[in-house]
Amino acid sequence: MKILLIQTAFIGDVILATPVIEALRKHRKDVVLDVLVRKGNEGLLENNPGINTILVWDKKNNKYKNFYHIIKQVRSNNYDIVINLQRFASTGIITAFSKGKKTIGYDKNPLSFLFSERYPHIINVEGSKHEVDRNLSLLKNIIGEVRERPAMYPSTKEYATTAPYKTSPYYCMAPSSVWFTKQLPFEQWVKLIKKKTSEEASAKIYLLGAKNEADYIDRIITAAGSDRAINLAGKFSFLDTASLMRDAAMNYVNDSAPLHIASAMNAPVTAFFCSTVPGFGFGPLSDRSIIAQTTENLDCRPCGLHGHRECPKGHFKCGFGIEI
């Protein structure tokens, strides 16, 4: 059985798609699985034993020309089943015109009326299913109800790369997020670094992020005044980062991609939820997971599913109200 799995959204979305890969690998030995991701995210799936081929759509350069080529490539592969984990029109078009014998996706996708099977994708403040379970629900008529954790597969290469950083106890912190209101405030990260360095005689603190976040992290380290806080932004691949986070004494993250990397490695994690809430279904899944959020009952929280460029109220109490 030849299956295509589509998830061309962001880093965290791809990681939260991996339980579908795990479920198909473990419960359907006859499956040959290809996965379609956006360019830049293919590294998340390297070494994954459940994947046959990774298809890559370059959305930044010649987006629509490449979109046409992806549709053509998908159609030529003659898939038995196409599973679309996204709710946007572009992937709906790919799915609808895939020539797949069966097409599966969420009913929120504008093209879902053309799918063979449509499933609800419900998010609410009171407590939705986890996104992992929402994704796995699309496999209902293929393998039934299952539960799998996200998974990433660093190789001996990645573990060798990070080995020199593991000679003594250490903590990882990922202070940045695409959305301002989803990241713990600058001042709070400074407090956290000072607290950890005062409590630990020799433990190092590795600050993680993308290359474009290096300056922001430098400012945090300077304000904290710690010579044991080390800026690793932009220096590691996705799988390097996963390898490093796995063996940390604790990983401190926002409601963003590093949270899901921790879940994929079953690494200890403390997740800060500022403007968003765990009830949306994107919380940590590691065995040792801590959710840190304000205890104040704010009538403005949550102020949105994805966060904002700035606090709509101007006070950002959901971030400053978290007790370090």
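Structure data summary
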read-out: Unmet criterion (only one of (1) open to solvent by 80 Å² or more (accessible area, probe 1.4 Å); (2) outside any helix (DSSP H, G or I)) for Pro110; value: (1)
read-out: Some residue of region 265-278 being in a helix (DSSP H, G or I), touching a helix residue (DSSP H, G or I) at 6+ places or on another chain (Cβ under 9 Å) and closer than 17 Å to Leu192 by Cα; value: no
read-out: All helices (runs of 4 or more DSSP H) inside region 1-97 with 1 or more residues being touching an Asp or Glu at 6+ places or on another chain (Cβ under 6 Å), free of Cβ contacts under 8 Å to residues at least 24 places away in the same chain and not charged (D, E, K, R); value: 63-76
read-out: Counted residues, region 38-53 - those being farther than 18 Å from Lys2 by Cβ and open to solvent by less than 20 Å² (accessible area, probe 1.4 Å); value: 3
read-out: Complete set of residues in region 12-27 that are closer than 22 Å to Ala174 by Cβ and surrounded by 24 or more Cβ atoms within 10 Å (Cβ to Cβ); value: Val14, Ile15, Leu16, Ala17, Thr18, Pro19
read-out: Qualifying residues in region 240-258 (those that are touching a Ser or Thr at 6+ places or on another chain (Cβ under 7 Å) and either in a helix (DSSP H, G or I) or at pLDDT below 95 (or both)) - the one nearest to Pro164 (Cα to Cα); value: Leu244
read-out: Contacts under 6 angstrom Cβ, first residue in region 115-130 being over 16 Å from Pro284 (Cα atoms), partner among the hydroxyl-bearing types (Ser, Thr, Tyr) and assigned to a loop (DSSP other than H, G, I, E, B), 6 or more apart; value: Ile122/Ser128
read-out: Neighbours by Cβ (under 7 Å, 6+ apart or cross-chain): first from region 98-114, more than 11 Å from Ile83 (Cα to Cα); second in a strand (DSSP E or B) and open to solvent by 70 Å² or more (accessible area, probe 1.4 Å); value: Asp107/Arg118; Ser112/Arg118
read-out: Matching entry among Thr276, Thr270, Thr295 (being surrounded by fewer than 17 Cβ atoms within 10 Å (Cβ to Cβ), of a type in the set (Ser, Thr, Tyr) and modelled with pLDDT of 95 or more); value: Thr295
read-out: Single unsatisfied condition, Lys60 versus (1) within 23 Å of the chain's Cα centre (by Cα); (2) of a type in the set (D, E, K, R); (3) surrounded by 14 or more Cβ atoms within 10 Å (Cβ to Cβ); value: (3)
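The values are calculated or read from the model by the stated rules, or taken from the named source; none is laboratory data. A quick note: this is a predicted structure, and the numbers were derived from the prediction, not measured. Positions of Cβ are backbone-derived with ideal geometry, glycine not excepted, and every protein chain shown enters the neighbour counts. Each accessible area value is taken on the protein alone, full model and side chains, heavy atoms only, with ligands, DNA and RNA left out. Shrake-Rupley method; radii C 1.70, N 1.55, O 1.52, S 1.80 Å.
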